[in-house]
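Q: Input: one structure, supplied below.
The values are calculated or read from the model by the stated rules, or taken from the named source; none is laboratory data. Note that the structure is predicted; figures quoted are calculated from it, not measured. Every residue, glycine among them, receives a Cβ derived from its backbone with ideal geometry; neighbour counts consider all protein chains shown. Note: accessible area is taken over every heavy atom of the protein model, side chains too, but ligands, DNA and RNA are not part of it. Shrake-Rupley method; radii C 1.70, N 1.55, O 1.52, S 1.80 Å.
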Amino acid sequence: MTPAKPSLDLLRSLTDEHVLRALMTERRLTRAEIAVRTQLSKPAVSDSVQRLTEAGLLQDTGERTTGRGRVGTYYALADDLGTALVLSVAPEGVVAEAIDVYGEVILRETAPVRRPARPREVARVMRTVAARVAEGCRGHLRLAVVSAADPVDRSTGRLVHLPDAPFLLGELSPVELLAPLVSGPVTVDNDVHWAARAELASADGDHPADFVYLYLGEGLGAAVVADGEVRRGHAGIAGEIAYVVTCGPRGRATTYTDVFAELALRQPNSTAIDDAALVRSIEAGGARGRRVLTAIADATAGVVSATVALADPATVILGGTWGTHPTIVEAISRHVAATPRPVPVRVAQLTLEPAVAGARHQALTALRESILGRAPG
């Protein structure tokens, strides 16, 4: 049976997508340059450029090639295609960014969050910084991606309050909060999940498709990546490792978070870990430093063993404020190596705002897909 030939509409659609993607990579190109980069014929590119220009997706920049030969016109994406909002809600404060279709941050606003973090106050800060970005973008926010240092309900996008949560002490809905500011969807997920996605998408691509990302900072979290996807669980709160039972400082079974309580490494009137005090203890050395290091490494190895038993990762990646400290990493690696099913342990490649980086990557992908979806072909 002879295979069916693709329809003219399909061919036009594919051509338009190739042309748009070429101009998402290069800010301006002539039709001849587009043809070279896409390996499409010059007539096909010319037809596509005309369609996309008439649809308002491309524009003639007014610039022309110089030198010998036929003069070429430089085309670029239209100026009014919109931007994406990236919002991060974390103990250190709220960050709001607007990114364009090229992936550049064109606006950034920040504001602190008072502790303890109550939903009404956090919502006020989120609304304020997001509104500043929206005003700077003249209302052209097409979508939003939110990273939150809290569990996120998978079906609603609401931030979920769990018992003894170290940060947000109540529920909050970023979807409802940001809907008036953006014309498209609002996507919300936990910061550790975004950090794991950023690690997965990092430049060198040298990652297994199956790993566990442990965030070790004021809060404790994990992201399970299987087959290249973050597994969020039924309700979206997979990876809440604070209450995994592990080995405590005195060799007794206890929850992971209570290990830090026993070591007097919790912040006053909070379940948040005092990461600064933790690092000071270890760097000071002595009997106290050795006890803290051994207890934390042993407890973390127990958590790793639990994740290995359930998720079977190829490696464990450590992130967070104290999870990337060289002395702590070395100790955790040594203790994990002594477990029944050891796996390699390494430090995250992205340590500067990894959750923001992951949310930013998703926002760029979604923004580009929204533009491709408007192509007339």
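Q: Inside the stretch 212-245, can you point out the residues that are touching a Ser or Thr at 6+ places or on another chain (Cβ under 7 Å) and of a type in the set (S, T, Y)?
A: Across the stretch 212-245, the qualifying residue is only Y243.
Q: Take the stretch 190-223 and flag every residue that is touching a helix residue (DSSP H, G or I) at 6+ places or on another chain (Cβ under 8 Å) and open to solvent by 40 Å² or more (accessible area, probe 1.4 Å).
A: R197, A201, D210, Y215, E218 - these are the residues of the stretch 190-223 that are touching a helix residue (DSSP H, G or I) at 6+ places or on another chain (Cβ under 8 Å) and open to solvent by 40 Å² or more (accessible area, probe 1.4 Å).
Residues are listed down the side, and each one gets a yes or a no for (1) touching a residue at least 60 places away in the same chain (Cβ under 8 Å); (2) hydroxyl-bearing (S, T, Y); (3) closer than 12 Å to A195 by Cβ:
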site: A314; (1), (2), (3): yes, no, no
site: G320; (1), (2), (3): yes, no, yes
site: G323; (1), (2), (3): yes, no, yes
site: T327; (1), (2), (3): no, yes, no
site: A337; (1), (2), (3): no, no, no
site: P344; (1), (2), (3): no, no, no
site: A348; (1), (2), (3): yes, no, yes
site: L352; (1), (2), (3): no, no, yes
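Okay, residues lined up against (1) touching a helix residue (DSSP H, G or I) at 6+ places or on another chain (Cβ under 9 Å); (2) open to solvent by 60 Å² or more (accessible area, probe 1.4 Å); (3) farther than 30 Å from T271 by Cβ:
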position: T73; (1), (2), (3): yes, no, yes
position: E97; (1), (2), (3): yes, no, no
position: G103; (1), (2), (3): yes, no, yes
position: L107; (1), (2), (3): yes, no, yes
position: R114; (1), (2), (3): yes, yes, no
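Q: Of the conditions (1) in contact (Cβ under 8 Å) with a residue 40 or more places away in the chain; (2) touching a helix residue (DSSP H, G or I) at 6+ places or on another chain (Cβ under 6 Å), T187 satisfies every one except a single condition; which number is it?
A: (2)
Q: Determine which single condition L85 fails, assuming it passes every other condition in (1) touching a residue at least 60 places away in the same chain (Cβ under 8 Å); (2) of a type outside the set (G, A, S); (3) under 15 Å from G373 (Cα atoms); (4) buried (at least 18 other Cβ atoms within 10 Å of the Cβ).
A: That leaves (3) as the condition not met.
Q: Now, a different point. Given the criterion in contact (Cβ under 8 Å) with a residue 40 or more places away in the chain, farther than 30 Å from A272 by Cβ and of a type in the set (D, E), identify the matching residue among D60, D9, D79, D47. Spell out how you get there, then give the answer.
A: On the way: D60 fails: in contact (Cβ under 8 Å) with a residue 40 or more places away in the chain; D79 fails: in contact (Cβ under 8 Å) with a residue 40 or more places away in the chain; D47 fails: in contact (Cβ under 8 Å) with a residue 40 or more places away in the chain.
Only one candidate passes the filter, namely D9.
Q: Going by what's in this entry, would R27 be described as surrounded by 18 or more Cβ atoms within 10 Å (Cβ to Cβ), charged (D, E, K, R) and on the phi < 0 side of the Ramachandran plot? Step through it out loud before you land on a result.
A: Details: surrounded by 18 or more Cβ atoms within 10 Å (Cβ to Cβ): no; charged (D, E, K, R): yes; on the phi < 0 side of the Ramachandran plot: yes.
The answer is no for R27.
Q: Could you tell me how many of the residues in the stretch 82-121 are among the aliphatic types (A, V, I, L, M) and either closer than 30 Å to A276 by Cβ or outside any strand (DSSP E or B) (or both)?
A: Within the stretch 82-121, the first condition is being among the aliphatic types (A, V, I, L, M), and the residues that meet it are 84-87, 89-90, 94-96, 98-99, 101, 105-107, 111, 113, 117.
Those still in the list that are either closer than 30 Å to A276 by Cβ or outside any strand (DSSP E or B) (or both) too: 86-87, 89-90, 94-96, 101, 105, 111, 113, 117.
Matching residues across the stretch 82-121 total 12.
Q: If you go through the stretch 30-77 one residue at a time, how many are assigned to a strand (DSSP E or B) and more than 31 Å from the chain's Cα centre (by Cα)?
A: So the first thing to find is which residues in the stretch 30-77 are assigned to a strand (DSSP E or B), and the list is 30, 58-64, 73-77.
Narrowing further to those that are more than 31 Å from the chain's Cα centre (by Cα): 30, 59-64, 73-75.
Count: 10.
Q: Is at least one residue of the stretch 122-135 in a strand (DSSP E or B) and surrounded by fewer than 17 Cβ atoms within 10 Å (Cβ to Cβ)? Reasoning before the result, please.
A: Step one: list which residues in the stretch 122-135 are in a strand (DSSP E or B), which gives none.
The answer is no, given that none of the residues of the stretch 122-135 is in a strand (DSSP E or B) and surrounded by fewer than 17 Cβ atoms within 10 Å (Cβ to Cβ).
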